[in-house]
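Have a look at the structure below, then the notes.
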C-alpha cells in the first residue's frame, strides 16, 4: 500500500494539481478541472522513479535500461524466453523472488534491486548493466580475461551508460566517475523516454568534413544524403563502435557504372591498423566493413 501511495503521488505530481470538490459542487461534463487519467507511460515512469529512489539508482540509468529491455511493454516475451517489462528469464525471476515478471511494478522493483546487488558485486553501474544483460558469470569471466563480452551486451552497456563497456572495466573503484547522460539537476523518467521515443534524425556535421589517410568503409550510395542517412542508422545500431565518430565521405567514379559519383562513407583513421580495428569490431557485431586507403 505504501508503494501504491507513492506511485499515485508521483503520477499526481506529474499531472499537476487535482482539485477536490464536494458533492454539492457538481461539475458539468467536459470540465477541464477533472482529474487527468495517467497514461500507461506515466504509470510506468512513476514505478521507475519509485524503484530508483528505493534502491539508490539514477533515474535516467534505470529508465534507459527498462526502455531498452521492453520499450515499456509489460507483456513482451523475447525469442530466448525473457519475460515482461524488465525481461527476466524464468530462472532469474525465481532466484530474485519475483512471482510475476509480467506485473510491471514488481518487475521494475526487482530489476532495481538486482542492479543494486550487481553494482555492489562488480563495483559500478556500467558493469552492473553488463551483468544484467549478459549474466554475472560471463562478466566475471570477461573481467578475468578468460572470456569475451558479447556484442549485444556491449551495445546494451553503451546505450544505457553512454560509454563503451571497456571503459568500465577494471578494479571496483574504476570506471567513469559520472555518467554523461546524468546532469546535476534531477532527471525525470518522462523526459528521458521522450528523447528515446523521438524518431531518429540525421544531424548535419558542423565545420569542415573530416579527412584521414585511412578509413573503415561501412556505407555508400549514389546520393550523398542517402549515404549519410545509412551511416546514421548504423551509428544507432552499432553504438558501441560508431557513437561519436564522424563520417568521412569519399566520392568515386566507376566508368563501368557511368559518370555518376558514388559516395563512400568511411570512419576516418590515421593508420591502416586503426581502420582495421574498427572493421574487426563491426564485423564481430555483424556489420559489413572494409579497410580503404583515402
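Where a number appears in this text, it was derived from the coordinates with a stated rule and is not lab data. This structure is a prediction, so every number in the text was calculated from the model and none was measured. Neighbour counts run over all protein chains shown; Cβ positions are idealised from the backbone, glycine included.
Here are the numbers:
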{"item": "Simple label model, 7 Å out from Cα along Cβ direction - residue 71 to residue 141, nm", "result": "3.2"}
{"item": "Least to most buried among 95, 69 (fewest other Cβ within 10 Å first)", "result": "95, 69"}
